[in-house]
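Novice: Submitted below is the structure of interest, expressed as structure tokens.
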There are 2 protein chains.
Amino acid sequence: MKIEKLTRKGFAAFGDVIELAGAKHYGINQGFAERYDDLCNVDVIEGGAVKVSLFDVKPRPHPICIDLMERHPLGSQAFYPLQDEDWLVLVCGAPKDENSYRCFRATGKQGINYARNTWHFPLLVFAPSRFIIVDRKGPGNNLEEVMLEKALFLAP
Amino acid sequence: MKIEKLTRKGFAAFGDVIELAGAKHYGINQGFAERYDDLCNVDVIEGGAVKVSLFDVKPRPHPICIDLMERHPLGSQAFYPLQDEDWLVLVCGAPKDENSYRCFRATGKQGINYARNTWHFPLLVFAPSRFIIVDRKGPGNNLEEVMLEKALFLAP
């Protein structure tokens, strides 16, 4: 699988890229801060609310075995890295369509927000890493997982 | 003004501390991630929704002149630092009551969430810094500011 640079345009079918470049911004706090405003679509449905969490993430062995994909039918899910290190974002249009998989290399200054129902693999990092997450809490089953009959292997 | 260490207990009257210590956590993603879950009360009212933003913040000259305080009547406001550097959190119970002011020193691994209607000063940093913010968007006036007749000076 080719690894692509993460850009807003390339990722648009899957959600938002959370980054300064291209964002609407303006000065606040008597000029002591610049606000890059409203960078992703926080989308929670069916009686849900928004929660903020932290993830500690470990790297997986290489080549990375991609044997399941997941999605969240009731809410978007945003991730922003807390270290300035590259990481990977693996998504697909349909889990059983091998040609629909896309892998993006994000920098440590790029977060992403999976749109509701975007198929994705869990976080992929090159070293132990921490992320802040904005996603949904509330009633209902917000996790759908598909095991792949034939695993894919990613060698970044 | 005394500068206190930021703790959940000390800050409880003003909002949440977003940190790993003391948080509910559990393993996810086949053991490759630990989730520290639902770390603050994201509270948006009157037809509002949640947005995610980034702030670039500059340090202020020392001693820091505290001449206004602000609060958000329609929503909470969470800040998490994107560098591992200490920063300051200045709040008060009532802007005109000098004795109600509290200043907390946060580490670079602590964020905070101002509860709705908590009086606070803008972000205070020791060097140019970046934060991720989770707060409210939507109709209504969500900013109340009070100019202080007599400025306070903070020399951290």
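The values are calculated or read from the model by the stated rules, or taken from the named source; none is laboratory data. No experiment lies behind these values; they were computed from the predicted model shown. Neighbour counts are summed over all protein chains in view; Cβ atoms, including those assigned to glycine, are modelled from backbone coordinates with ideal geometry. In case anyone asks, the SASA skips ligands and DNA or RNA and just uses the protein heavy atoms, side chains included. Shrake-Rupley method; radii C 1.70, N 1.55, O 1.52, S 1.80 Å.
Novice: Residues that are at pLDDT 95 or above, open to solvent by less than 20 Å² (accessible area, probe 1.4 Å) and acidic (D, E), at least 1 per element: which strands (runs of 3 or more DSSP E) completely within region B:77-145 meet that?
Specialist: The strands (runs of 3 or more DSSP E) meeting that bar are B:129-137.
Novice: Exactly one condition in (1) in contact with a helix residue (DSSP H, G or I) (Cβ under 9 Å, 6 or more places away or on another chain); (2) within 12 Å of chain B (Cβ to nearest Cβ) is not met by A:Q83; state its number.
Specialist: Checking A:Q83 against (1) in contact with a helix residue (DSSP H, G or I) (Cβ under 9 Å, 6 or more places away or on another chain); (2) within 12 Å of chain B (Cβ to nearest Cβ), the one that fails is (1).
Novice: Let me ask something else. For region B:1-61, please list each of the strands (runs of 3 or more DSSP E) lying entirely inside it that holds at least 3 residues being among the hydrophobic types (A, V, I, L, M, F, W, C).
Specialist: B:49-57
Novice: A further question follows. For region A:66-76, which positions are over 28 Å from B:V42 (Cα atoms) and either facing chain B (nearest Cβ under 8 Å) or open to solvent by less than 30 Å² (accessible area, probe 1.4 Å) (or both)?
Specialist: Listed by number, the residues that qualify are A:I66, A:L68, A:M69.
Novice: If I filter region B:52-65 down to residues being crowded, with 17+ Cβ neighbours inside 10 Å and more than 16 Å from the chain's Cα centre (by Cα), which single residue comes out as farthest from the other protein chains (Cβ to nearest Cβ)?
Specialist: B:I64
Novice: Does B:F153 satisfy the condition of being aromatic (F, W, Y), more than 14 Å from every other protein chain (Cβ to nearest Cβ) and open to solvent by 20 Å² or more (accessible area, probe 1.4 Å)?
Specialist: yes
Novice: Give the residues of region A:98-137 that are within 11 Å of chain B (Cβ to nearest Cβ) and of a type in the set (G, A, S), sorted by residue number.
Specialist: Result: A:G108, A:G111, A:S129.
Novice: Now a separate question. Looking at region B:31-43, can you tell me whether even one residue there is of a type in the set (S, T, Y) and within 8 Å of chain A (Cβ to nearest Cβ)?
Specialist: Yes, region B:31-43 contains at least one residue that is of a type in the set (S, T, Y) and within 8 Å of chain A (Cβ to nearest Cβ).
Novice: So, one more: Give the residues of region B:33-57 that are of a type in the set (D, E) and modelled with pLDDT under 95, sorted by residue number.
Specialist: Hit for region B:33-57 is B:E46, nothing else.
Novice: So B:E144 clears everything in (1) under 17 Å from the mean Cα position of the chain (by Cα); (2) within 13 Å of another protein chain (Cβ to nearest Cβ); (3) more than 16 Å from B:I3 (Cα to Cα) except one condition, right? Which one?
Specialist: The number of the failed condition is (2).
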